[in-house]
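The values are calculated or read from the model by the stated rules, or taken from the named source; none is laboratory data. Model, not experiment: these values are computed from the prediction. Positions of Cβ are backbone-derived with ideal geometry, glycine not excepted, and every protein chain shown enters the neighbour counts.
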Amino acid sequence: DSFDARRQLYGTNTLPERNRKTLFSFMYAAMEDPILILLSVVALISLALGLYTTFGTPAEYTEDGVKIAKVDWVEGVAIMIAVLIVVLVTSINDFQRERQFVKLNRKKEDRIVNVVRNGAACQIGIAELLVGDIMLIEPGDLITADGVIISGQNLRFDESSATGESNAVKKVTADHAIAVYRETTKLGSYSHSLAKIDPFILSGSKCIQGTGQFLVTAVGVNSLHGQTMMSLHEGTDPTPLQNKLVRIAETIAKFGSGAAILLFVVTFIRFLANLPDDHRPAYQKGMNFIDIVITAITLVVVAVPEGLPLAVTLALAFATVRMLKDNNLVRQLKACETMGNASAVCSDKTGTLTQNRMTVTAGLIGSKFCVGKSWTTDDAVPLTEFAGKLNKSVFDLLFVSIVSNCSAFEEEGTDSGFVGSKTETALLCLARDHMGMSSLSGERSKLDIVQILPFDSVLKYMAVVVKVAPNSYRLFVKGASEIVLDMCKDILSDPANSPDTAPLSDADYALVREKINEYSSNSLRTICIGYKDIESTSWPPLGFPLSSDDSSNGNLVSYLASKPCTLIGLVGIEDPLRPGVAESVAACKRAGVTVRMVTGDFVMTARAIAKDCGIYDPVKDTDSRYAIMEGPVFRALPQEELQEAVKELRVLARSSPADKRKLVKTLKEQHNIVAVTGDGTNDAPALKLADVGFSMGIAGTDVAKEASDIILMDDNFSSIVKALLWGRAVNDAVKKFLQFQLTVNITAVLLTFVTAVASSDGKSVLTAVQLLWVNLIMDTFAALALATDPPSESMLDRQPELRNQSLISVNMWKMIIGQAIYQVTVTLIFHFISYDVWDADTGRERATLDAMVFNIFVWMQIFNMINSRRLDNKLNIFENITKNRYFWAILLVIIGGQCLIMFVGGAAFSVHRQTGAEWVAAIICGVISIPIGALIRLFPNRWIPTAIIGYIVHGIIRSNSEIYSSAEFYNPLESVREQLLIQKIRGGRLRGLSFKEKSRVFYSRMRSMSSFSGSRSSVSSRDGSYSPNERTATKLFQEGEMLSSITASLVLPGIVAGSVAGWS
């Protein structure tokens, strides 16, 4: 009841959903396309003239006296219906995509927070948070509500998102703030120190240090963050691939527009030239002129590849939904496509490579008391018996050190019964299962904890101060084994019989180090526990180092650095490898991705785990002095040596977040595309710096999740491999569609242009309505079919592409040009020769054959869509085709639509019923596209005459032209413009190719290009980096790709010119 009352009075921690766009708003946006508007206006004019011709002109009769049916109005109606269908399909696609992204955003914004309700700690969703709840704070938490601190230690917050100030803000409890305020008021004067006393927490801020609790005072729209978000409109930024394809689409559109303008000019001039001898009625001349305009405008509609951005949008939408099922929550769409070409992965160990189900399996108490597993001695006490064999005081010492020095809490329904760090929960399970702990909260309530030092990833330890007597305090420290061991000067001498201590001798130190190595070599994480007794009447005691910004707290870090402790013991915690990790690492290697482990664990533990999962190969990597390194050594390397070390590095142990960031930065300098995993607050800089940042959905802090691009919902390394596959699937889907699209573009534009110019009345063999149907096939249906291919394991058999590599490869250009030559040749032959072959004398017979040309053209596109499913030179174009039900459904829709048009399209589509022979001819021409594709794939890349064309163009390219520098390695946007030759061809001349001038590396001889036209994977080294010579070789090979497009541009006009000269 109290929850309901608070919910009604103060609201919930949710923001009202923004008004979603309706289907009609998407339709209106689609109708704003100026080309469609222009086409609609011309269609209305055509309809008006058609209606006038039908109802306002005298009837016409054939030679036999049969009245000719007037259907001139049908074309205008058909065009408007086709425009409406295009608008509907586009808007429905956009509407569905928007709904999918809304669902993903809801999932992305859903988080779990820790609160205290009814006196017990529990976990709830942020939407369930209410005013009056007590929320627990830990480092890395992203605060979701406003509040006031009621308890805490060393709390610091990043409030830059709210205030713009980048400095960490220290927070104090409300009681402390009130006390300072009252003291200042008594003095009767304002103190500047009062301005620094801040007990308030702002929503949207991030906890970067300390632990505590705060009382929630405002949620949802009433919180600061909620009010800010209500005033903003968060849009979805286009991804790099979307931007790239928009640029390509614009370039192709310019080419198509130029062709349309040229077609209009040629046909209009001929129309004007024929006017003196044209004795037809004025309305027929008007209809003839309108046909010319409609053909030109429709050519623009066909040439504009608005399906390119749609293809990547559909591919991303499809991939992100399916990736969520594979436990990858995509926060940034660009990460999905970028991950496909990742060449380096820097992975955490705990929870990612391992199961994060930690269990204490071995230990050493004092210098003699061995517990659990032991690989060197036979006198180890079983875990089930060790508690009863310890001295009572030593037992209490170990028990209190575990219970007090932790930030975890109890929670029913979890695997271990505790929520918190897995290392802490392992120790708590030891206390519960073998030391008689009944309730963690009950045991902690018995302790008088006066100060807490939370775990710090830089210090690698945590500490707590407990008051054990009126004038006595005990400090417990727990952390990385070698760190805590070096802080100790004494050790428990005989823990089985007494709590007495003895100086930590060299023999004792060597024994403990030997145990650390023993445990680590067997893949156990090692933790040391120590303590220090402090005699004082109050805390902090006299002479204790004080914190620089708060005199009420002692500086434990300074104290521990100056005062030795006593070693209680060492524990070994087992965290087994996740099932399938070794196979996933092997899959990454097969895909050309180098996996590096970056962990804070001891180097021996890291080596053992890396060996087990295949990251470290003791045979291949044993000779490298850089294969396994520790953080302090890594960060001390000079820059030149660092560049060399990173190439060979496989394991970075005892690393700090700064080391991880340095590693990522160096890998990116070597032109790698880097993916990084992280779970802590201090991992945020590395996650932001990486090309793709993966945060942990289970163990990750809110700050890490906020900085990441993809959240691993199961914290599993195998999910990274799935993300790699889906990234490659997205890139391949776009390339498949681009290959299909450009083939249709070239064929449709050339066929329309040649037949219109060759026609006496300026009409193309493909009418406006027919071209709109083709446009619907290639822009929408093909995007849906080719963008939904799921990933296959064979995608891991190729090397990652270079950063900013050309979007259109040699194989793609080869297929585009080859299929376009075949399609243009077949359709022109049937158009110009079929009249004689079929003895077409009457207008109806000629119209029937023109309809056959349209049918042949569409069937060639249908089978070429199947052919476009493969981008490489392998012949199996049907691989995994049964797994894509969308492809089959869309293929059947296209086939059904084409059959329906040919049978009942009639005057609307300017088609006539086809005979059986004509149907067979159309389908056979379509089927032949598949063996033609196989022949093109069998045509070796090295036979592409790049060297010959290189010599032709060499004199045109300005002397000493410079290739790109490695910093901006082969910009695909520029390369695509160069490849398509849109802005370089003027009046049939090649005016020169200008390349970006970035570095002084001159062209090698053009004939050397052929030696680099082989497998591009040979350029990539094993770690994904490239030497200067390799970069030069790669560049030359890519120039070969560009020159293959020049080949096409020089060959195609010759074919077209020869066709017109021979057949007209």
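Here is how the numbers come out for the structure above:
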| item | result |
| --- | --- |
| Residue count for the stretch 792-829, restricted to those that are closer than 23 Å to Leu750 by Cβ and either out of contact with any helix residue (DSSP H, G or I) (no Cβ under 7 Å at 6 or more places or on another chain) or assigned to a helix (DSSP H, G or I) (or both) | 20 |
| Among residues of the stretch 753-780, those that are surrounded by fewer than 20 Cβ atoms within 10 Å (Cβ to Cβ) and farther than 19 Å from Ile261 by Cα, counted | 1 |
| First in the stretch 245-264 and under 25 Å from Asp732 (Cβ atoms), second anywhere and in a helix (DSSP H, G or I) and at pLDDT 80 or above, Cβ under 7 Å, 6 or more apart | Leu245/Val734; Ile252/Asn745 |
| Residue within the stretch 102-117 that is at pLDDT 80 or above, surrounded by fewer than 18 Cβ atoms within 10 Å (Cβ to Cβ) and under 30 Å from the mean Cα position of the chain (by Cα) present | yes |
| In the stretch 504-523, the residues that are of a type in the set (Asp, Glu) and either surrounded by 14 or more Cβ atoms within 10 Å (Cβ to Cβ) or outside any helix (DSSP H, G or I) (or both) | Asp508, Glu518 |
| Positions within the stretch 451-495 being among the small types (Gly, Ala, Ser) and touching a strand residue (DSSP E or B) at 6+ places or on another chain (Cβ under 8 Å), in sequence order | Ala463, Ser472, Gly479, Ala480, Ser481, Ser493 |
| Residue within the stretch 604-620 that is basic (Lys, Arg) and at pLDDT 90 or above present | yes |
| Matching residues, the stretch 646-664, being of a type in the set (A, V, I, L, M) and buried (at least 21 other Cβ atoms within 10 Å of the Cβ) | Val646, Leu649, Val651, Leu652, Ala653, Leu663, Val664 |
| Selection from the stretch 688-705 of residues that are at pLDDT below 90 and closer than 22 Å to Gln355 by Cα | Ser695, Met696, Gly697, Ile698, Ala699, Gly700, Thr701, Asp702, Ala704, Lys705 |
| Looking only at the stretch 582-626, and only at residues there that are of a type in the set (Val, Ile, Thr), part of a helix (DSSP H, G or I) and farther than 25 Å from Lys668 by Cβ, the one that is nearest to the chain's Cα centre (by Cα) | Ile609 |
| Positions within the stretch 448-467 being touching a residue at least 24 places away in the same chain (Cβ under 8 Å) and farther than 17 Å from Gly420 by Cβ, in sequence order | Val450, Gln451, Val458, Leu459, Lys460, Val465, Val466, Lys467 |
| Pairs, first within 10 Å of Ser472 (Cα to Cα) in the stretch 534-545, second of a type in the set (A, V, I, L, M), C-beta under 6 Å, six or more apart | Trp539/Val450 |
| Filtered residues of the stretch 688-703 (kept if part of a helix (DSSP H, G or I) and over 15 Å from Leu142 (Cα atoms)) | Lys688, Leu689 |
| Selection within the stretch 17-36 - at pLDDT 75 or above and surrounded by 11 or more Cβ atoms within 10 Å (Cβ to Cβ) | Lys21, Thr22, Leu23, Ser25, Phe26, Met27, Tyr28, Ala29, Ala30, Met31 |
| Among the residues listed as Thr217, Thr295, Thr228, Thr236, the single one being part of a strand (DSSP E or B) and either within 30 Å of Asp146 (Cα to Cα) or modelled with pLDDT of 75 or more (or both) | Thr217 |
| Single condition Val148 does not satisfy, out of (1) under 23 Å from Ala408 (Cβ atoms); (2) at pLDDT 80 or above; (3) assigned to a strand (DSSP E or B) | (1) |
| Of residues in the stretch 130-143 being more than 28 Å from Val450 (Cβ to Cβ), modelled with pLDDT of 85 or more and crowded, with 22+ Cβ neighbours inside 10 Å, the one farthest from the chain's Cα centre (by Cα) | Val131 |
| Failed item, numbered, when Ala653 is tested on (1) in contact (Cβ under 8 Å) with a residue 60 or more places away in the chain; (2) closer than 30 Å to Phe476 by Cα | (1) |
| Residue in the stretch 399-418 that is charged (D, E, K, R) and within 19 Å of Gly530 (Cα to Cα) present | no |
| Which listed residue, of Lys620, Lys647, Lys589, is among the charged types (D, E, K, R) and without any contact (Cβ under 8 Å) to a residue 24 or more places away in the chain | Lys620 |
| Within the stretch 381-450, helices (runs of 4 or more DSSP H) holding 2 or more residues that are among the aliphatic types (A, V, I, L, M) | 392-404, 422-434 |
| Candidate set: the stretch 403-438, residues that are under 26 Å from Gln153 (Cα atoms) and of a type in the set (Val, Ile, Thr); chosen: the one surrounded by the fewest Cβ atoms within 10 Å (Cβ to Cβ) | Val419 |
| Residue ID - surrounded by the fewest Cβ atoms within 10 Å (Cβ to Cβ), chosen from residues in the stretch 463-493 that are within 18 Å of Gln153 (Cα to Cα) and touching a Cys at 6+ places or on another chain (Cβ under 8 Å) | Leu475 |
| Sole residue being modelled with pLDDT of 95 or more and either of a type outside the set (D, E, K, R) or at positive phi (or both), chosen from Ser367, Ser407, Ser374, Ser401 | Ser401 |
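Each row is one residue, and each column tells you yes or no for (1) farther than 27 Å from Gly76 by Cα; (2) loosely packed, with under 15 Cβ neighbours inside 10 Å.
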residue	(1), (2)
Leu871	yes, no
Glu879	yes, yes
Phe887	yes, no
Gly897	no, no
Leu938	yes, yes
